[in-house]
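Shown next, in structure tokens, is the structure this report addresses.
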Number of protein chains: 2
Amino acid sequence: MNVAVLAHEKFPDRAKTAVGLLRYADYEIEAVLDRDNAGKRVADFVPDVQDAPIVAEMADVSEVDALVIGIAPIGGGFDESWRSDVTNALERGCDVISGLHYFLEEDEEFAELAAANDCELWDVRKPHDDLTVAQGVASEVDAEIILTVGTDCSVGKMTATLELVEAANERGADAAFIPTGQTGIMISGWGNPIDRVVSDFTAGAVEEMILEKGDDHDYLFVEGQGSIVHPAYSAVTCGILHGSMADKLVLCHEATREAVHGYESFDLPPIPEYVSLYEDLAEPVHETEVVAGALNTMHVESDEAARREVEQFEDELGVAATDPVRFDADAVLEEIL
Amino acid sequence: MNVAVLAHEKFPDRAKTAVGLLRYADYEIEAVLDRDNAGKRVADFVPDVQDAPIVAEMADVSEVDALVIGIAPIGGGFDESWRSDVTNALERGCDVISGLHYFLEEDEEFAELAAANDCELWDVRKPHDDLTVAQGVASEVDAEIILTVGTDCSVGKMTATLELVEAANERGADAAFIPTGQTGIMISGWGNPIDRVVSDFTAGAVEEMILEKGDDHDYLFVEGQGSIVHPAYSAVTCGILHGSMADKLVLCHEATREAVHGYESFDLPPIPEYVSLYEDLAEPVHETEVVAGALNTMHVESDEAARREVEQFEDELGVAATDPVRFDADAVLEEIL
């Protein structure tokens, strides 16, 4: 599928979804829309992802199948300055994919244009209507289930999970990614947005995905969300932990993070406490173990300092760890495959 | 407020909401609708609650302010055999209160009749639109916050909580009930249905209620939901635990329950393990302690055997316990007030 990705005024540093798509998605990305950087190329900013021209608006993009909204403003609203790009896409028969809280299909103009031009509006954050409570049967699938769990939000759980899947497949394993958040869903083209489902269905929405994919693969890597001690989001984390019935956990952390992101009055507990909390909480539903760690060293300057951070993280964890983006995923995969 | 309570073919044993309303609500209950028991009285079945006549249909009820749906069929659907009762109520200007998954306000006939007769349709299970994520500030209110937590669903957390509030107020304390489920909300006339909110807002929906009531009372007793190791519902439990930032926990259990209700392949962990799990999981957000236990001995025949069950529960818990319905709430309140 050929797509254009909208990232106005935010590419690349505040365009997490756009960069995730460039790095991991199977889409051919024909162009990135950023009116502040029109005329440049993706490769001028981000070296290790697929390259594409940066253009000012949708009208500058040649034939594509879809326009993807690749940024999420605080609050998840729709920025009216993007309206002409979306209408231009729909008028040309392109689908539009969005992870905003603001649902495009509830926008009258977009809904009418989509109907008139036979396009799909895919609001990835809108859960489907048939979700229900978990039955407690995810462990019955044939695949081994691995879940990434975190010390906090935004420590790199999605990235670590995608790197593990890619590296596992490169080693010849049959591994699949189970997406639980909007960027993961856009990258994969399917999935349940766990943070938007009815709270009673949190575990059930994860279980549904595992039952759907479990007999087609040998390993399922479930994208974790939040943290089990997050003041606001722990419900989502807990539902994924129990709903996935994971056989193995990979603990994700960001080097030097000491307090909950956005909730700085809450200190992160010591690493060994996370290990006990996740394992003890999971055990009555399905016994599991933290088998490895993934450390995000993005904000550590030198590779040498990053190696030291990984070693310290390993000491605290008591198991092997790596930064799967900066280095490689080998140390973690040794414990899984 | 004067109300009639619909409980067709299910009163009293399968009409948990109706019996809860008769026992705890401030409503004057003028009649119970049960076509199988018309002509009898509530007191013929349940001795220790407010009495009322049982009638065959709404047309047999004299002037009331509202009709309350007091039963919930599996799946939460609307039984078409109740339609004439609801339309009769609306035609006479009565509000209708429902905790069904099926929202009355989305039923065209009911919506039209309600508008025509200036009645309110209150779907208590429909969360309001302004819910959002928790800020992690529930502990800042003046009141002491007590949360009932459970070893499973349906062990009597709502009942224990209501008994504690009543007994605390009888002792002269200023205690309020924070409702989190549909029956508790109907009894109280307000509240957020935590199991129906968006999973990201689970903790926030509890926090909102605590901030609303916290400065008006000395003690807030928060109705707990589910169990922290429930294969399907633990997300809700975890969100309430962190969102409430409870100062004290009361562990609720049903005597002789050994497996998860409806999920019998999952054994309940030993009681001391629940104590550690709840305390350890809460601690990084807000330190708390299980200070007492509430044991539901409804299915234990003799008072003597029930006393023995309570004593055994106390031994396992390491703190005082009681059955607040069968005996009294004193042993628990000693640890709280």
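The values are calculated or read from the model by the stated rules, or taken from the named source; none is laboratory data. These figures come from a predicted structure and were not determined experimentally. Glycine gets a Cβ as well: all are built from the backbone with ideal geometry, and neighbour counts include every protein chain shown.
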Residue in the stretch A:243-261 that is farthest from A:Gln312 (Cα to Cα), counting only those that are among the β-branched types (Val, Ile, Thr) and away from chain B (no Cβ under 11 Å): A:Val250
Index of the failed condition, B:Asp330 passing every other in (1) surrounded by 15 or more Cβ atoms within 10 Å (Cβ to Cβ); (2) touching a helix residue (DSSP H, G or I) at 6+ places or on another chain (Cβ under 9 Å): (1)
Residue match in the stretch B:276-283 (condition: part of a loop (DSSP other than H, G, I, E, B), buried (at least 17 other Cβ atoms within 10 Å of the Cβ) and in contact with a strand residue (DSSP E or B) (Cβ under 9 Å, 6 or more places away or on another chain)): no
From A:Arg83, A:Arg92, residue being closer than 16 Å to A:Asn2 by Cα and of a type outside the set (A, V, I, L, M): A:Arg92
Check on A:Thr256, of a type in the set (S, T, N, Q) and either modelled with pLDDT of 95 or more or under 23 Å from B:Asp267 (Cα atoms) (or both): no
Where B:Pro272 falls short, out of the listed (1) touching a residue at least 24 places away in the same chain (Cβ under 8 Å); (2) over 17 Å from B:Cys153 (Cα atoms); (3) buried (at least 16 other Cβ atoms within 10 Å of the Cβ): (3)
Qualifying residue in the stretch A:300-318 (condition: within 23 Å of the chain's Cα centre (by Cα) and surrounded by fewer than 19 Cβ atoms within 10 Å (Cβ to Cβ)): no
Any hit, the stretch A:93-115, residues being aromatic (Phe, Trp, Tyr), over 30 Å from B:Ala232 (Cβ atoms) and under 25 Å from the mean Cα position of the chain (by Cα): yes
Test for B:Leu67: is it part of a helix (DSSP H, G or I) and touching a strand residue (DSSP E or B) at 6+ places or on another chain (Cβ under 7 Å): no
The listed residue being in contact with a strand residue (DSSP E or B) (Cβ under 8 Å, 6 or more places away or on another chain) and either in contact (Cβ under 8 Å) with a residue 24 or more places away in the chain or not aromatic (Phe, Trp, Tyr) (or both), out of A:Val155, A:Val137, A:Val133: A:Val155
Breaking point among (1) of a type in the set (Asp, Glu); (2) at the interface with chain B (Cβ under 10 Å from one of its Cβ atoms); (3) surrounded by 15 or more Cβ atoms within 10 Å (Cβ to Cβ), for A:Asp267: (3)
Test: residue in the stretch A:190-212 that is touching a residue at least 40 places away in the same chain (Cβ under 8 Å), surrounded by fewer than 18 Cβ atoms within 10 Å (Cβ to Cβ) and not aliphatic (A, V, I, L, M): no
Yes/no for A:Ala52 being among the small types (Gly, Ala, Ser) and crowded, with 23+ Cβ neighbours inside 10 Å: no
Residue list for the stretch B:140-166, restricted to those being surrounded by fewer than 19 Cβ atoms within 10 Å (Cβ to Cβ) and more than 26 Å from B:Trp122 (Cβ to Cβ): B:Glu140, B:Asp142, B:Glu144
Residue match in the stretch B:44-55 (condition: under 30 Å from A:Asp200 (Cα atoms) and at pLDDT 95 or above): no
Any hit, the stretch B:309-326, residues being touching a residue at least 24 places away in the same chain (Cβ under 8 Å), within 20 Å of B:Gly181 (Cβ to Cβ) and either among the aliphatic types (A, V, I, L, M) or touching an Asp or Glu at 6+ places or on another chain (Cβ under 6 Å) (or both): yes
Selection status of B:Asp280, among the charged types (D, E, K, R), over 19 Å from B:Ala160 (Cα atoms), within 9 Å of chain A (Cβ to nearest Cβ) and touching a Ser or Thr at 6+ places or on another chain (Cβ under 8 Å): yes
Any hit, the stretch A:283-290, residues being touching a Cys at 6+ places or on another chain (Cβ under 9 Å) and more than 11 Å from chain B (Cβ to nearest Cβ): no
Residue match in the stretch B:35-49 (condition: closer than 27 Å to B:Ser154 by Cβ, in contact (Cβ under 8 Å) with a residue 40 or more places away in the chain and surrounded by 15 or more Cβ atoms within 10 Å (Cβ to Cβ)): no
Residue list for the stretch A:19-34, filter: surrounded by fewer than 16 Cβ atoms within 10 Å (Cβ to Cβ) and either touching an Asp or Glu at 6+ places or on another chain (Cβ under 7 Å) or assigned to a loop (DSSP other than H, G, I, E, B) (or both): A:Asp26
Within the stretch A:116-128, considering residues that are over 19 Å from the mean Cα position of the chain (by Cα) and not aliphatic (A, V, I, L, M), the one farthest from A:Thr202 (Cα to Cα): A:Asn117
Tally, over the stretch B:291-308, of residues that are polar (S, T, N, Q) and either within 14 Å of another protein chain (Cβ to nearest Cβ) or in contact (Cβ under 8 Å) with a residue 24 or more places away in the chain (or both): 2
Criterion violated by A:Glu109 - all others in (1) part of a loop (DSSP other than H, G, I, E, B); (2) of a type outside the set (Phe, Trp, Tyr); (3) outside the structural domain of A:Ala232 (by TED's automatic domain parsing) satisfied: (1)
